[in-house]
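The values are calculated or read from the model by the stated rules, or taken from the named source; none is laboratory data. On a predicted model such as this, the values are computed, not experimentally measured, just so you know. Quick reminder, even Gly has a Cβ in these numbers, built from the backbone with ideal geometry, and neighbours come from all protein chains shown. Just the protein is used for accessible areas: all its heavy atoms, side chains included, with ligands, DNA and RNA removed. Shrake-Rupley method; radii C 1.70, N 1.55, O 1.52, S 1.80 Å.
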Amino acid sequence: MAHERFVINKNDIPGLLGAIASKEVLIAPIGNEVGDINLLPVSGDDVSSVVLDYENTINSPKEFFHPDSEALFRFTGASHDDADMVYVAEEIVLFGVRPCDTAALGYLDKVFSGDFEDELYLKRRDKSVVITLGCTECHNGCFCTSTGTGPFLESGFDIQLVPVATRYVVYTGSDKGSAFIERYGKYFKSAKAVDKRDAELAVLKAAKCPPKFSSDKVYDRLSSGKVHGDLWKDVASRCQSCGSCLFICPTCYCFTVYDNERPDGEKTRCRQWDACYFRGFTRMAGGADPVGSGEGMAKRKYNHKLWHDKDRFGISGCVGCGRCNESCVGNVNWLENIIRIEKS
Amino acid sequence: MYNKHLYIPRACTISAIREETPDIKTFKLSFREKWEMEGVDLVEESDFRPGQFVQVSVLGLGEAPISISSSPKDRGYIEISVKASGSVTEGIHGLKEGGEVGLRGPYGNAFPIDDCKGKDFIFIGGGVGLAPLRSLIRYVMSEREAYGDITILYGARSSKDIIFREELDGWNAVKDTKAYYTIDRPEPGWSGNVGVVTTLLKDIGDIKGAKVFVCGPPIMISFALKGILSFGARDEDIYLSLERYMKCGVGKCGHCYIGGKYACMDGAVFSYAQLKDMEVEEAAGV
C-alpha cells in the first residue's frame, strides 16, 4: 500500500505513550538500573522509563507472539472431544521495535501461516500494531545491511519512524498502522515537503552503513555443499548446547510439546521453545538420531538460516540483529563464521 | 483433516486390538460420528493416501507420529501398528478395546501411486517398517490387475517379531505376487529364510523399471539401498518412508527438519534421487 506520512515531535512521545498505555497493552523498550534495555509491558505511570536511544533491546518481540511456553489446549475430561483452547490474544502496541526485529516478525508470519495456520500466533499478530524505529547509526554488533533487513524497511511494517532532529517522520505501511494514526490523531501532523526531504536524506545516509558480508555469496557457498567441515567442527567444539543463541534469536521458532498437570489440577498440552543445538532434538524413541553430532547440528543451523530459508521463503532466516553473538557462552561468533563461509 | 483444530486431536474409539509381536500391536480406530472432510464422510471413506501418518494422542502423555497401516479402501476406520518404544507408544499399548486415542492428520505426502500404474513393485520392509508399506500393499492388492509383478521382502529380528505374517502368506498366494520374509538369526524349528532382508534380493530377478518402496530402521535402509542399487534400480524409482522425531506434524515445530525440508510435510516419503540432491546434515540411513 502507499505510505502516508506524518510527523510527531519527540517531546510529544511521552504523551502519546501515556495515551496508548491508558487504553491498550503497550510494549516498549524499558531501561533498568544496570542499563539493560528490554521490551516490556509499560503501565501509564511508567512511560518515563521508556528509552528510545538504544542499539537494540535484549529480547526480541518474538515472545509476545510465540511465547516461550503456552498451552495449546486444556483438557478437563478424559476425552479429546472435551478439549478447549485457552490462549489469550490481546490488542497490543509494540512501540520502538528495530527494523531487523520487525523483519523477523515478517519471517515468523510466513512460518506460522501457509497450508497449516497457527491460530495462536496469527491471532496475536492480527491484534498487534508494531511501530518500528529505524536506525540512523551503524552499530558494531549488528549487520542488517548484509541481510537486507534495515536500517530502514521499505515494506512489512505497520508504522515506521524516521528520526530527524527533534521529530520523527512517521510512515504508515498497513491498514492497522493507518488506523493507529487515526486513533491517536491529535499527536500527529501531516508531513510537509521538508519533513519528507529530511526523512529521505536520513534513510539514504543510514543505508551507507557498509555490509559485513554478501548474503548471496554466503548462499552460493552453502548451497554448493563445499564449505569445509573444519568450520562445523570449530562451532561444535565451542558450542555448549545451551540454546541461548536460538532462544534469543528473533526468528527461531522451534518448539517441543508436552502434557502438563498443574498442582491445581488443570491439565494442558503445552508447547515450549526448543533448540536444535540441544542433544536429543532429533533423537527418536528407539534411540536412532539422524543428527546426533555437534557438527551436524551446526551445519543444519547455518544451512537453514542462510540457504534453505531463501529457497523456502525468499528471505534470509537471519535478520542481522547480532544477539546470538552477545549471548554465546562458548564464544561462537555467528557473524565471523558467516564471513568465514563467504571467504571459504 | 480428522482434527477440527490444528492442535486439538479428534477422539477415536479403539474398536479392535491385535497383538502382532511381543512389542507391536495393531489398533483399529473408528470414528465416532459422521465427520466430513472436504466433502467426504470419513465414517464411510477414511480418506487418506497410503504413506501418510497420523499424530496419535494419549491425554496426559502426548503424541507420537504413526503411519497408517490400513488401506484407504478399508473404509470407516484406520489401522495403526505401534511398536512400544517410548512413553506415548507404551501408553497406547496400555489402552484397551473401547478406549480412546486422539488423532490429528492425516499428514505428510504419500507414496506416488498415481505414477505407478502398470509397473512392477518391490517392497522392502524391516521390523515395524512394514506398517506404512502395508497400507500401499493392501491398496495395490485391492486393484491388483492395474499393476505388474509385486515382490514383498520383509525382515524381522526373530520369528516372534514378524508382523502381518498371515497377510504375507496370503499375498504370496496371489498370482504374480511374491512375499518373502526372513529372520536375522537361525532358530530351532525355523525352516524359513535366515539373514538380513537384503539376502532376499537374490530371489527377485530383473528389477529394471520396478518401483521400489523401502521402510525400516536406518541401518536396514542403508543396506537395502546398496543392495537394490546393485541390482540396477534407478535412484528416482526408489522411495523411502523416513522416520523422524516430530512434535507438531504441520511444519512448525522444527524437529523433523531434513536438508531444508520437513519430513512431516515434504515427506515422510522421499525418493532416493531427492535425498541425494538434498544436503542432508548427517546421512543416517540414507
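Hey, any hits in segment A:198-212 for a residue that's surrounded by fewer than 20 Cβ atoms within 10 Å (Cβ to Cβ), more than 27 Å from the chain's Cα centre (by Cα), closer than 30 Å to A:Phe65 by Cβ and of a type in the set (D, E, K, R)?
no
Check off (1) touching a helix residue (DSSP H, G or I) at 6+ places or on another chain (Cβ under 8 Å); (2) without any contact (Cβ under 8 Å) to a residue 24 or more places away in the chain for A:Asp220 and give me the number that stays unchecked.
With (1) touching a helix residue (DSSP H, G or I) at 6+ places or on another chain (Cβ under 8 Å); (2) without any contact (Cβ under 8 Å) to a residue 24 or more places away in the chain applied to A:Asp220, the lone miss is (1).
Restricting to segment A:106-152, and then to whatever is charged (D, E, K, R) and under 14 Å from the mean Cα position of the chain (by Cα), can you tell me which residue is surrounded by the most Cβ atoms within 10 Å (Cβ to Cβ)? Quick ask: steps written out before the conclusion?
Going through segment A:106-152, the residues charged (D, E, K, R) turn out to be A:109-110, A:115, A:117-119, A:123-127, A:137.
This time we only want the ones that are under 14 Å from the mean Cα position of the chain (by Cα), so: A:109-110, A:125.
Working: A:Asp109: 16, A:Lys110: 13, A:Arg125: 20.
This residue is A:Arg125.
Out of the residues in segment A:153-189 that are crowded, with 23+ Cβ neighbours inside 10 Å and part of a loop (DSSP other than H, G, I, E, B), state the one that is farthest from the chain's Cα centre (by Cα).
A:Asp158
Is it the case that some residue within segment A:270-289 is more than 24 Å from B:Glu243 (Cβ to Cβ), in contact with an Asp or Glu (Cβ under 9 Å, 6 or more places away or on another chain) and not β-branched (Val, Ile, Thr)?
If we filter segment A:270-289 for residues that are more than 24 Å from B:Glu243 (Cβ to Cβ), which is where we start, we get A:270, A:273.
Right, trim to in contact with an Asp or Glu (Cβ under 9 Å, 6 or more places away or on another chain) and you get A:270, A:273.
Right, trim to not β-branched (Val, Ile, Thr) and you get A:270, A:273.
Among the residues of segment A:270-289, at least one is more than 24 Å from B:Glu243 (Cβ to Cβ), in contact with an Asp or Glu (Cβ under 9 Å, 6 or more places away or on another chain) and not β-branched (Val, Ile, Thr), which makes the answer yes.
Can you tell me which of (1) assigned to a loop (DSSP other than H, G, I, E, B); (2) farther than 23 Å from A:Asp109 by Cα; (3) open to solvent by 20 Å² or more (accessible area, probe 1.4 Å) is the one A:Val291 doesn't meet?
The failed condition is (3).
Among the listed residues A:Thr268, A:Thr251, A:Thr256, which satisfies the condition of being under 22 Å from B:Lys252 (Cβ atoms), more than 7 Å from every other protein chain (Cβ to nearest Cβ), of a type in the set (Ser, Thr, Tyr) and more than 17 Å from the chain's Cα centre (by Cα)? So that I can check it myself, show each step before the final result.
On the way: A:Thr251 fails: more than 17 Å from the chain's Cα centre (by Cα); A:Thr256 fails: more than 7 Å from every other protein chain (Cβ to nearest Cβ).
After applying the criteria, what remains is A:Thr268.
Assigned to a helix (DSSP H, G or I), closer than 30 Å to A:Pro99 by Cα and facing chain B (nearest Cβ under 9 Å) - does that describe any residue in segment A:222-240?
yes
Pick from A:His66, A:His80: which is within 21 Å of the chain's Cα centre (by Cα) and within 14 Å of chain B (Cβ to nearest Cβ)? Let's see the steps before the verdict.
On the way: A:His80 fails: within 21 Å of the chain's Cα centre (by Cα).
The match here is A:His66.
For segment B:149-189, what are the residues that are surrounded by 13 or more Cβ atoms within 10 Å (Cβ to Cβ) and part of a loop (DSSP other than H, G, I, E, B)? It would help to see each step written out before you state the result.
Of all residues in segment B:149-189, those surrounded by 13 or more Cβ atoms within 10 Å (Cβ to Cβ) come to B:149-159, B:161-165, B:167-168, B:170-172, B:177-184, B:187.
Result: B:Asp149, B:Arg157, B:Ser158, B:Ile162, B:Ile163, B:Phe164, B:Asp184, B:Glu187.
Out of segment B:215-240, which residues are within 14 Å of another protein chain (Cβ to nearest Cβ) and under 25 Å from B:Asp176 (Cα atoms)? Lay out the reasoning, then the answer.
If we filter segment B:215-240 for residues that are within 14 Å of another protein chain (Cβ to nearest Cβ), which is where we start, we get B:215-222, B:240.
Selection gives B:Cys215, B:Gly216, B:Leu240.
Residue under question is A:Asn59, and the condition is that it be outside any loop (DSSP other than H, G, I, E, B) and at pLDDT 95 or above; does it hold?
Working: outside any loop (DSSP other than H, G, I, E, B): no; at pLDDT 95 or above: yes.
No, not satisfied.
Being at pLDDT below 95 and either on the phi > 0 side of the Ramachandran plot or part of a helix (DSSP H, G or I) (or both): is that true of A:Asp216 here? Working first, answer last.
On the way: at pLDDT below 95: no; either on the phi > 0 side of the Ramachandran plot or part of a helix (DSSP H, G or I) (or both): yes.
Here the answer is no, as A:Asp216 does not meet what is asked.
Do we have B:Val212 as away from every other protein chain (no Cβ under 14 Å) and open to solvent by less than 20 Å² (accessible area, probe 1.4 Å) here? Explain how you work it out, then say what you get.
Numbers: away from every other protein chain (no Cβ under 14 Å): yes; open to solvent by less than 20 Å² (accessible area, probe 1.4 Å): yes.
For B:Val212, the condition - away from every other protein chain (no Cβ under 14 Å) and open to solvent by less than 20 Å² (accessible area, probe 1.4 Å) - is met.
For segment A:256-283, which residues satisfy the criterion of being free of Cβ contacts under 8 Å to residues at least 24 places away in the same chain, outside any loop (DSSP other than H, G, I, E, B) and within 25 Å of B:Tyr262 (Cα to Cα)?
Scanning segment A:256-283 gives A:Thr256, A:Tyr258, A:Asp259.
Could you look through segment A:42-56, keep only residues that are touching a residue at least 12 places away in the same chain (Cβ under 8 Å) and part of a helix (DSSP H, G or I), and pick out the one that is nearest to A:Ser22 (Cα to Cα)? Explain how you work it out, then say what you get.
The first filter runs over segment A:42-56 and keeps only residues touching a residue at least 12 places away in the same chain (Cβ under 8 Å), leaving A:42-44, A:46-52, A:54-56.
With part of a helix (DSSP H, G or I) added as a condition, the list becomes A:44, A:46-49.
On the way: A:Gly44: 6, A:Asp46: 11, A:Val47: 11, A:Ser48: 14, A:Ser49: 16 Å.
Taking the candidates together, the pick is A:Gly44.
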